[in-house]
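Novice: Below: one structure in structure tokens.
The values are calculated or read from the model by the stated rules, or taken from the named source; none is laboratory data. These numbers were taken from a predicted model, which means no experiment stands behind them. With ideal geometry, Cβ positions are generated from the backbone for all residues, glycine too; neighbour counts draw on all protein chains shown.
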Amino acid sequence: MCDWRDSNSNVVKQKEIIDLSLKFRYLNRVQIQKILHHKDARSINTWLKDLVDKEYVGRIYSHKLFENTKPAIYYLLNSPLTLPFLHHKFYNNFCG
């Protein structure tokens with residue numbers, strides 16, 4: 001049954017963020033926004049917050065004075081094989 005479809009665009013963008021995390025290891029929101037050619041920072045922050053809440057992505061952020069002006073750094077928290085929505089890549093490779 002090699003018919004995997006994803007109708008939710010948020011999940012598709014979150015998959016792209018995970019792919020970027022696999023490729024670059026550490027990224028901040030500004031870098032993700034430039035790579036995805038996305039104008040709205042609010043939606044990217046929403047996607048990143050959702051990924052952090054689901055514990056797919058980790059976040060490094062300091063609340064100290066003068067360090068809180070720097071953007072948060074995001075990194076992949078789990079192994080790529082444990083992420084449920086990445087299994088379709090391996091599945092599609094074997095299904096043709």
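Novice: Looking at (1) under 14 Å from Ile73 (Cα atoms); (2) at pLDDT 90 or above; (3) among the aliphatic types (A, V, I, L, M), which one does Ile18 not meet, given that it meets all the others?
Specialist: For Ile18, the failing item is (2).
Novice: Filter the stretch 42-76 down to residues that are among the charged types (D, E, K, R) and assigned to a loop (DSSP other than H, G, I, E, B) and give me whichever is farthest from Arg29 (Cα to Cα).
Specialist: Filtering the stretch 42-76 for residues among the charged types (D, E, K, R) gives 42, 49-50, 53-55, 59, 64, 67, 70.
Then keep just the ones that are assigned to a loop (DSSP other than H, G, I, E, B); that gives 54-55, 64, 67, 70.
Details: Lys54: 18, Glu55: 17, Lys64: 19, Glu67: 16, Lys70: 10 Å.
Across the stretch 42-76, the extreme among qualifying residues is Lys64.
Novice: In addition: Considering each of Tyr56, Tyr74 in turn, give the residue that is surrounded by 11 or more Cβ atoms within 10 Å (Cβ to Cβ) and modelled with pLDDT under 90. Lay out the reasoning, then the answer.
Specialist: Values: Tyr74 fails: modelled with pLDDT under 90.
Answer to the check: Tyr56.
Novice: Condition first: over 15 Å from Lys49 (Cα atoms) and out of contact with any Leu (no Cβ under 7 Å at 6 or more places or on another chain). Now tell me which residues in the stretch 15-35 satisfy that. Steps first, answer last, please.
Specialist: At the first step, the residues of the stretch 15-35 found to be over 15 Å from Lys49 (Cα atoms) are 19-20, 22-26, 31, 34-35.
Within the stretch 15-35, Asp19, Lys23, Phe24, Arg25, Tyr26, Gln31, Lys34 meet the criteria.
Novice: Residues to consider are Lys34, Lys49; find the one that is surrounded by fewer than 14 Cβ atoms within 10 Å (Cβ to Cβ), within 10 Å of the chain's Cα centre (by Cα) and at pLDDT 90 or above.
Specialist: Exactly one of Lys34, Lys49 is surrounded by fewer than 14 Cβ atoms within 10 Å (Cβ to Cβ), within 10 Å of the chain's Cα centre (by Cα) and at pLDDT 90 or above, namely Lys49.
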